[in-house]
């Protein structure tokens with residue numbers, strides 16, 4: 001099934017505004033990080049299947065790159081779902097579970113229980129049909145370093161297309177600054193509302209096709225202080241819509 005284009009004007013958020021959305025979701029509405037992460041990962045797996053895996057992941061190889069925070073957790077949810085769809089999934093993480101925040105660490109334990117290969121130190125060695133980028137979300141501060149930087153470079157050198165979650169790792173989600181290295185994605189699936197840093201000529205070179213996915217943010221949340229945004233029913237027809 002094709003992903004429909006978004007209808008009407010869709011506002012773009014700064015990083016500070018997205019932090020407020022996350023805070024309000026958890027503290028005001030009781031929609032916790034696990035629920036948001038599950039929605040993000042389910043939609044990422046669906047977009048991967050629909051856009052890059054010919055509608056059938058069986059027999060396809062997917063390498064998932066996961067960081068220690070919420071972005072990595074969402075990518076690991078997608079890894080679990082693609083594994084359930086029949087894909088051969090390998091996951092490369094930037095740190096061990098005890099160095100992750102609690103919810104992503106729980107996602108990693110699930111993958112280990114399922115017997116999905118987890119690479120803690122090595123780079124992925126096999127060719128892939130698709131790479132999922134869940135290394136760094138909107139918490140980026142400067143050039144990606146260490147293992148995250150190595151995995152970005154590995155993905156950029158690989159032949160497989162990259163689908164990034166929320167933003168390509170290495171892109172500042174507010175300013176649009178492209179740090180070095182930065183993931184060169186074939187497509188990006190951002191969450192809730194698009195981030196301001198995804199706009200602009202520099203970002204366009206690394207974002208690729210831009211999709212927006214629902215993580216169950218109530219539209220009325222955006223109209224409250226301090227956001228004061230008018231957001232319509234963006235996902236009335238589909239949990240994922242295309243922006244560019």
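Working carefully through the options 194, 226, find the one that is loosely packed, with under 15 Cβ neighbours inside 10 Å and more than 26 Å from residue 126 (Cα to Cα).
Working: 194 fails: loosely packed, with under 15 Cβ neighbours inside 10 Å.
From the options 194, 226, the qualifying one is 226.
Do we find a residue being modelled with pLDDT under 95, closer than 18 Å to residue 102 by Cα and part of a loop (DSSP other than H, G, I, E, B) anywhere in segment 69-77?
Within segment 69-77, one or more residues are modelled with pLDDT under 95, closer than 18 Å to residue 102 by Cα and part of a loop (DSSP other than H, G, I, E, B).
Pick from segment 205-226 the residues that are out of contact with any strand residue (DSSP E or B) (no Cβ under 8 Å at 6 or more places or on another chain) and outside any helix (DSSP H, G or I): which of them is nearest to residue 131 (Cα to Cα)? Spell out the reasoning first.
First pass over segment 205-226, keeping only residues out of contact with any strand residue (DSSP E or B) (no Cβ under 8 Å at 6 or more places or on another chain): 216-226.
The next check asks that each one be outside any helix (DSSP H, G or I); those that pass are 216-218, 224-226.
Values: 216: 25, 217: 27, 218: 31, 224: 37, 225: 38, 226: 37 Å.
Per the stated criteria, the residue is 216.
For (1) under 16 Å from the mean Cα position of the chain (by Cα); (2) under 24 Å from residue 152 (Cβ atoms); (3) modelled with pLDDT of 95 or more, each residue gets a yes or a no:
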position	(1), (2), (3)
15	yes, yes, no
18	yes, yes, no
28	no, no, yes
61	no, yes, yes
101	no, yes, no
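With 24, 48 as the choices, which residue is at pLDDT 95 or above, surrounded by 15 or more Cβ atoms within 10 Å (Cβ to Cβ) and over 20 Å from residue 77 (Cβ atoms)? Spell out how you get there, then give the answer.
On the way: 48 fails: over 20 Å from residue 77 (Cβ atoms).
24 is the lone residue from the list that is at pLDDT 95 or above, surrounded by 15 or more Cβ atoms within 10 Å (Cβ to Cβ) and over 20 Å from residue 77 (Cβ atoms).
Which of the residues spanning segment 204-217 are in contact with a helix residue (DSSP H, G or I) (Cβ under 9 Å, 6 or more places away or on another chain) and modelled with pLDDT of 95 or more? Quick ask: steps written out before the conclusion?
The first filter runs over segment 204-217 and keeps only residues in contact with a helix residue (DSSP H, G or I) (Cβ under 9 Å, 6 or more places away or on another chain), leaving 204, 207, 209-211, 213-217.
Within segment 204-217, 207, 209, 210, 211, 213, 214, 215, 216, 217 qualify.
What about residue 41, is it out of contact with any strand residue (DSSP E or B) (no Cβ under 9 Å at 6 or more places or on another chain) and part of a helix (DSSP H, G or I)? Write out each step before concluding.
Working: out of contact with any strand residue (DSSP E or B) (no Cβ under 9 Å at 6 or more places or on another chain): no; part of a helix (DSSP H, G or I): yes.
Criteria not met by residue 41.
Out of everything in segment 103-137 that is in a loop (DSSP other than H, G, I, E, B) and under 15 Å from the mean Cα position of the chain (by Cα), what residue ends up being surrounded by the fewest Cβ atoms within 10 Å (Cβ to Cβ)? Can you show your working first?
First, the residues of segment 103-137 that are in a loop (DSSP other than H, G, I, E, B): 115-117, 120-129, 135-137.
Okay, now just the ones that are also under 15 Å from the mean Cα position of the chain (by Cα), so 135-137.
On the way: 135: 30, 136: 31, 137: 25.
In this case the residue turns out to be 137.
Applying the selection to segment 200-223, what residues are buried (at least 16 other Cβ atoms within 10 Å of the Cβ) and more than 15 Å from the chain's Cα centre (by Cα)? Lay out the reasoning, then the answer.
As a first pass, look at segment 200-223 and keep what is buried (at least 16 other Cβ atoms within 10 Å of the Cβ): 202-203, 206-215, 217, 221-222.
Across segment 200-223, the qualifying residues are 202, 203, 217, 221, 222.
Please verify whether segment 136-145 includes one or more residues that are under 20 Å from residue 16 (Cβ atoms) and without any contact (Cβ under 8 Å) to a residue 24 or more places away in the chain. Give the steps one after another, and end with the answer.
Residues of segment 136-145 under 20 Å from residue 16 (Cβ atoms): 136-142.
With the extra rule that they be without any contact (Cβ under 8 Å) to a residue 24 or more places away in the chain, the set shrinks to 141.
Yes, that holds for at least one residue.
So that you can scan it fast, the table gives a plain yes or no per residue for (1) buried (at least 23 other Cβ atoms within 10 Å of the Cβ); (2) within 23 Å of residue 18 (Cβ to Cβ):
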{"position": "160", "(1), (2)": "no, no"}
{"position": "166", "(1), (2)": "yes, yes"}
{"position": "170", "(1), (2)": "yes, yes"}
{"position": "175", "(1), (2)": "no, yes"}
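Pick from 103, 21, 89: which is touching a helix residue (DSSP H, G or I) at 6+ places or on another chain (Cβ under 8 Å) and closer than 17 Å to residue 164 by Cα?
On the way: 103 fails: closer than 17 Å to residue 164 by Cα; 21 fails: closer than 17 Å to residue 164 by Cα.
The match here is 89.
Say we look at segment 138-158 and pick out the residues that are in a loop (DSSP other than H, G, I, E, B) and more than 22 Å from residue 52 (Cα to Cα); which of these is modelled with the lowest pLDDT?
For segment 138-158, the residue satisfying everything is 139.
The values are calculated or read from the model by the stated rules, or taken from the named source; none is laboratory data. The shown structure was predicted, so the numbers you read here are calculated from the model rather than taken from an experiment. Quick reminder, even Gly has a Cβ in these numbers, built from the backbone with ideal geometry, and neighbours come from all protein chains shown.
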